[in-house]
1. Scan the range 65-105 for residues that are modelled with pLDDT under 90, of a type in the set (Gly, Ala, Ser) and more than 28 Å from Gly16 (Cα to Cα) and report the count.
2. Check Ser51 against each of (1) out of contact with any strand residue (DSSP E or B) (no Cβ under 7 Å at 6 or more places or on another chain); (2) closer than 20 Å to Asp146 by Cβ and name the one condition it does not meet.
3. State whether one or more residues within the range 84-102 are touching a Pro at 6+ places or on another chain (Cβ under 9 Å) and either closer than 30 Å to Val142 by Cα or among the aromatic types (Phe, Trp, Tyr) (or both).
4. Filter the range 77-115 down to residues that are within 12 Å of Met149 (Cα to Cα) and open to solvent by 50 Å² or more (accessible area, probe 1.4 Å) and give me whichever is nearest to the chain's Cα centre (by Cα).
5. Quickly run through the range 1-17 and pick out the residues that are open to solvent by 80 Å² or more (accessible area, probe 1.4 Å) and aliphatic (A, V, I, L, M).
6. Is one or more of the residues making up the range 141-154 farther than 28 Å from Ser85 by Cβ, among the acidic types (Asp, Glu) and open to solvent by 50 Å² or more (accessible area, probe 1.4 Å)?
7. (1) of a type in the set (Ser, Thr, Tyr); (2) out of contact with any helix residue (DSSP H, G or I) (no Cβ under 9 Å at 6 or more places or on another chain); (3) outside the structural domain of Val15 (by the TED database): which one isn't true of Thr145, the others all being true?
Amino acid sequence: MFFDDWAGVIRTVIVGLLAYLALIVMLRASGKRTLSKMNAFDLVVTVALGSTLATVLLTASVPLVEGVVALALLVYLQYAITWASVRSDRFRALIKAEPTLLVHDGRPLEGAMKTQRVTRDEIDAALRSSGKTDLTQVKSVVLETDGSMTVIPR
């Protein structure tokens, strides 16, 4: 239950080190965009990378080379999709969400808030983070594509 043999431990250390190094090299080679603030698509890829790395580490039936190929495939797909979204407005619209205006001229836009499932308390927290105390001090609050809120002062 707690320990099978040293071979499994040694395999985990060696494969873990090599898979981790391979992932770091691939992420560095794919550019800064792969590690930028995440939107929904980026989050899915990041979770998939973590899951794949864990599978390679802990499943003896998955050879290191197959695991590295799986990691490389995910990094390549991330690179290809971001490359295509930069070059095609249609593709970008398919993949990326648009920012949503939640407050305009100091007034909350209730419909947008409901659609985006944002509460007034969350908007108030964004105001406080930007050094504002209430909506009369802001022109707009925008829900960005990565889920963060931008407060635009008057």
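1. So the count comes out to 3.
2. (2) is the only condition that Ser51 fails.
3. yes
4. Going through the qualifying residues, I end up with Pro99.
5. Met1, Ile10, Val13, Ile14, Leu17
6. No, the conditions are met nowhere in the range 141-154.
7. Only one criterion in (1) of a type in the set (Ser, Thr, Tyr); (2) out of contact with any helix residue (DSSP H, G or I) (no Cβ under 9 Å at 6 or more places or on another chain); (3) outside the structural domain of Val15 (by the TED database) is unmet by Thr145, namely (2).
The values are calculated or read from the model by the stated rules, or taken from the named source; none is laboratory data. Please read these numbers as outputs of a predicted model, since none were measured by experiment. Every residue, glycine among them, receives a Cβ derived from its backbone with ideal geometry; neighbour counts consider all protein chains shown. Areas reflect the complete protein model, heavy atoms only, side chains present, ligands, DNA and RNA absent. Shrake-Rupley method; radii C 1.70, N 1.55, O 1.52, S 1.80 Å.
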